[in-house]
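The values are calculated or read from the model by the stated rules, or taken from the named source; none is laboratory data. Everything numeric in this text was worked out from a predicted model, so none of it was measured. Cβ placement follows ideal geometry from the backbone for every residue including glycine, while neighbour counts extend to all protein chains displayed.
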Amino acid sequence: MNFHLYSRLILILFFLVACEPDDICLESNADTPNLILKFVDSFTGETKSVDNLRIKGINNNEDFFLGTVDSISIPLNNYEDNSSFSFTKRFNTNQQNEDLIYFNYTRNNVYISRSCGYKMVYEIDNIIIENDNSNWIEDSIIEIRTVNDEISHHVKIYH
Amino acid sequence: MMKFHTMSRYIIRFFILIIFCGGFSQENSSQPDTLKIKEKYGIRFGIDLSKQIRMITEDYKGISLYADLRIKERLFIVGEVGNDNKKIHNENIDSNFKGSYVKAGFNYNFYNNPPGLENEIYFGFRFATSSFKSEVFDYLVYDLDKYWENGRIEDYSEYNNLSANWIELILGFNAKISKNIFMGTSLRLNRMINQKSPENFGNLYIPGFNIVTEDNNFGTGITYTLTYRIPIVKK
């Protein structure tokens with residue numbers, strides 16, 4: 001082998017090194033967990049769905065959800081230590097009833113990886129249902145205070 | 001990627017130069033190998049110019065000093081020290097890594113020089129250790145819902161006393177460009193041995209090791225050195 005051949009070999013190696021894999025966050029990585037609410041009957045304690053429920057964040061122009069459900073997972077605001085939502089039962093009917101609900105929590109970031117960055121996990125402090133004299137939501141119970149996964153419901157909403 | 005290409009262009013030009021030089025010198029020095037030419041041994045000091053190039057093209061500051069001592073005809077003992085300060089603007093995280101490193105090892109020149117020439121094509125091995133700190137300035141929360149406004153959250157944190165150890169396998173090239181001055185380049189494959197990363201962050205970059213990719217113990221490096229030899233012994 002001569003100098004030329006060696007040089008060429010090294011040159012080829014330089015090109016190989018120049019290929020860097022792009023870091024892409026795969027969706028298989030769990031993202032920031034949502035808060036999972038389960039709607040239950042306040043007399044029997046059994047799962048009871050809410051008819052035509054509309055969920056909208058206060059100060060958010062978009063509706064988050066509209067439909068009939070017995071449980072839902074809602075996203076918490078990552079910028080603040082509280083999120084406020086409007087829960088309207090029988091939306092767009094003459095029996096429409098809107099309740100405002102406030103979630104207070106502390107946020108902690110959890111590092112996932114270079115490509116995914118950080119996710120947020122929460123510690124729920126309390127839930128306040130604003131009293132409007134005709135509340136359809138009667139009570140709420142925090143069952144799992146630490147929201148770091150979406151395996152089961154964190155909060156029970158009695159109605 | 002673009003920056004990498006700019007750098008490769010430099011290196012390619014450098015190589016072309018070297019190839020020509022090598023070619024010419026070989027032709028010129030094709031006289032029979034009868035005369036025993038005195039070979040210079042000595043200590044060489046140098047600087048890795050690739051760092052200076054990176055300072056122009058990247059959000060980076062650093063310096064790397066190089067020294068080697070020829071102990072046998074083909075064997076050099078090598079030491080390198082350096083300092084890196086690198087900002088990483090990622091899609092998700094803005095962070096900074098700074099610290100110092102030391103590398104020690106040897107180079108083995110396997111190129112048979114025609115008489116009178118002192119070029120090298122070598123294999124090298126280094127053991128390297130780095131001590132550094134990292135900082136996170138802001139980040140984007142990984143949240144697929146995107147129901148609430150989702151911009152970067154400024155939340156400064158600092159992680160001190162981080163460290164890493166690794167080995168480097170090197171293929172390199174040194175050409176004498178004038179009396180006692182050498183120019184060289186080397187290509188390095190780094191293999192992590194261990195690293196100490198903070199609890200809630202990762203080592204995205206390690207001074208001396210360069211970019212750390214996900215789930216991968218390997219890294220790469222390129223140097224572009226200019227060295228000056230202080231002749232000590234003639235053999």
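If we scan segment B:164-177, do we find a residue that is of a type in the set (K, R) and either assigned to a loop (DSSP other than H, G, I, E, B) or away from chain A (no Cβ under 14 Å) (or both)?
First pass over segment B:164-177, keeping only residues of a type in the set (K, R): B:176.
The next check asks that each one be either assigned to a loop (DSSP other than H, G, I, E, B) or away from chain A (no Cβ under 14 Å) (or both); those that pass are none.
Within segment B:164-177, not a single residue is of a type in the set (K, R) and either assigned to a loop (DSSP other than H, G, I, E, B) or away from chain A (no Cβ under 14 Å) (or both).
For residues that are in contact with a Lys or Arg (Cβ under 9 Å, 6 or more places away or on another chain) and assigned to a strand (DSSP E or B), scanning just segment A:83-104, find the one that is nearest to the other protein chains (Cβ to nearest Cβ).
A:F85
Identify, please: which residue in segment B:89-105 is surrounded by 18 or more Cβ atoms within 10 Å (Cβ to Cβ) and of a type in the set (A, V, I, L, M, F, W, C) and is, among those, modelled with the highest pLDDT?
Restricting to residues being surrounded by 18 or more Cβ atoms within 10 Å (Cβ to Cβ) and of a type in the set (A, V, I, L, M, F, W, C), the top hit is B:F97.
State whether the residues of segment A:105-116 include one that is free of Cβ contacts under 8 Å to residues at least 24 places away in the same chain and closer than 27 Å to A:T44 by Cβ.
Taking segment A:105-116 first, the residues free of Cβ contacts under 8 Å to residues at least 24 places away in the same chain are A:108-109, A:111.
Applying the additional criterion that residues be closer than 27 Å to A:T44 by Cβ yields none.
No, there is no match, as no residue in segment A:105-116 is free of Cβ contacts under 8 Å to residues at least 24 places away in the same chain and closer than 27 Å to A:T44 by Cβ.
Out of segment B:107-159, which residues are in contact with a helix residue (DSSP H, G or I) (Cβ under 9 Å, 6 or more places away or on another chain) and polar (S, T, N, Q)?
Within segment B:107-159, B:N119 is the sole residue that qualifies.
So if I check each of B:K72, B:K61, B:K51, which one is crowded, with 17+ Cβ neighbours inside 10 Å and either of a type in the set (K, R) or assigned to a strand (DSSP E or B) (or both)?
Numbers: B:K72 fails: crowded, with 17+ Cβ neighbours inside 10 Å; B:K61 fails: crowded, with 17+ Cβ neighbours inside 10 Å.
Exactly one of B:K72, B:K61, B:K51 is crowded, with 17+ Cβ neighbours inside 10 Å and either of a type in the set (K, R) or assigned to a strand (DSSP E or B) (or both), namely B:K51.
Test of understanding: among A:I144, A:I137, A:I127, which residue is crowded, with 18+ Cβ neighbours inside 10 Å and part of a loop (DSSP other than H, G, I, E, B)?
When all the criteria are applied, what remains is A:I137.
Answer with yes or no whether B:I88 is within 14 Å of chain A (Cβ to nearest Cβ), under 20 Å from the mean Cα position of the chain (by Cα), in a strand (DSSP E or B) and closer than 18 Å to B:K51 by Cβ.
Details: within 14 Å of chain A (Cβ to nearest Cβ): yes; under 20 Å from the mean Cα position of the chain (by Cα): yes; in a strand (DSSP E or B): yes; closer than 18 Å to B:K51 by Cβ: yes.
When the stated conditions are applied, B:I88 passes them.
On the given criteria, is B:F45 farther than 30 Å from B:E158 by Cα, surrounded by fewer than 18 Cβ atoms within 10 Å (Cβ to Cβ), within 14 Å of chain A (Cβ to nearest Cβ) and touching a residue at least 12 places away in the same chain (Cβ under 8 Å)? If you could, list the steps in order and put the result at the bottom.
Numbers: farther than 30 Å from B:E158 by Cα: yes; surrounded by fewer than 18 Cβ atoms within 10 Å (Cβ to Cβ): yes; within 14 Å of chain A (Cβ to nearest Cβ): no; touching a residue at least 12 places away in the same chain (Cβ under 8 Å): yes.
Against the criterion (farther than 30 Å from B:E158 by Cα, surrounded by fewer than 18 Cβ atoms within 10 Å (Cβ to Cβ), within 14 Å of chain A (Cβ to nearest Cβ) and touching a residue at least 12 places away in the same chain (Cβ under 8 Å)), B:F45 does not qualify.
Are any residues in segment B:129-158 more than 11 Å from chain A (Cβ to nearest Cβ), among the hydroxyl-bearing types (S, T, Y) and either surrounded by 15 or more Cβ atoms within 10 Å (Cβ to Cβ) or touching a Pro at 6+ places or on another chain (Cβ under 9 Å) (or both), and if so, which ones?
B:T129, B:S130, B:S131, B:S134, listed by residue number.
Out of the residues in segment A:70-82 that are in contact (Cβ under 8 Å) with a residue 24 or more places away in the chain and within 14 Å of chain B (Cβ to nearest Cβ), which is surrounded by the most Cβ atoms within 10 Å (Cβ to Cβ)?
So the first thing to find is which residues in segment A:70-82 are in contact (Cβ under 8 Å) with a residue 24 or more places away in the chain, and the list is A:70-76, A:78, A:81.
Still in the list and also within 14 Å of chain B (Cβ to nearest Cβ): A:72-76, A:78, A:81.
Values: A:I72: 20, A:S73: 14, A:I74: 20, A:P75: 20, A:L76: 26, A:N78: 22, A:D81: 14.
It comes out as A:L76.
Within the group A:N78, A:N109, which residue is part of a strand (DSSP E or B), closer than 30 Å to B:I211 by Cβ and polar (S, T, N, Q)? Please lay out each step first, then the result.
On the way: A:N78 fails: part of a strand (DSSP E or B).
That would be A:N109, the only listed residue that is part of a strand (DSSP E or B), closer than 30 Å to B:I211 by Cβ and polar (S, T, N, Q).
Conditions tested, residue by residue: (1) under 21 Å from B:V141 (Cβ atoms); (2) loosely packed, with under 13 Cβ neighbours inside 10 Å; (3) modelled with pLDDT of 95 or more.
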| site | (1), (2), (3) |
| --- | --- |
| A:F3 | no, no, no |
| A:V17 | no, no, no |
| A:C25 | yes, no, no |
| A:K48 | no, no, no |
| A:I58 | yes, yes, no |
| A:F64 | yes, no, no |
| A:F85 | yes, no, yes |
| A:N94 | no, yes, no |
| A:Y105 | yes, no, yes |
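So which residues in segment B:187-220 are outside any strand (DSSP E or B), touching a strand residue (DSSP E or B) at 6+ places or on another chain (Cβ under 7 Å) and either exposed (fewer than 14 other Cβ atoms within 10 Å of the Cβ) or at the interface with chain A (Cβ under 10 Å from one of its Cβ atoms) (or both)?
B:S197, B:P198, B:N200, B:F201, B:G202, B:N203, B:L204, B:V212, B:E214, B:N217
Part of a strand (DSSP E or B) and away from chain A (no Cβ under 13 Å) - does that describe any residue in segment B:111-123?
Filtering segment B:111-123 down to residues part of a strand (DSSP E or B) leaves B:120-123.
So of that shortlist, the ones also away from chain A (no Cβ under 13 Å) come out as none.
Scanning segment B:111-123 turns up no residue that is part of a strand (DSSP E or B) and away from chain A (no Cβ under 13 Å).
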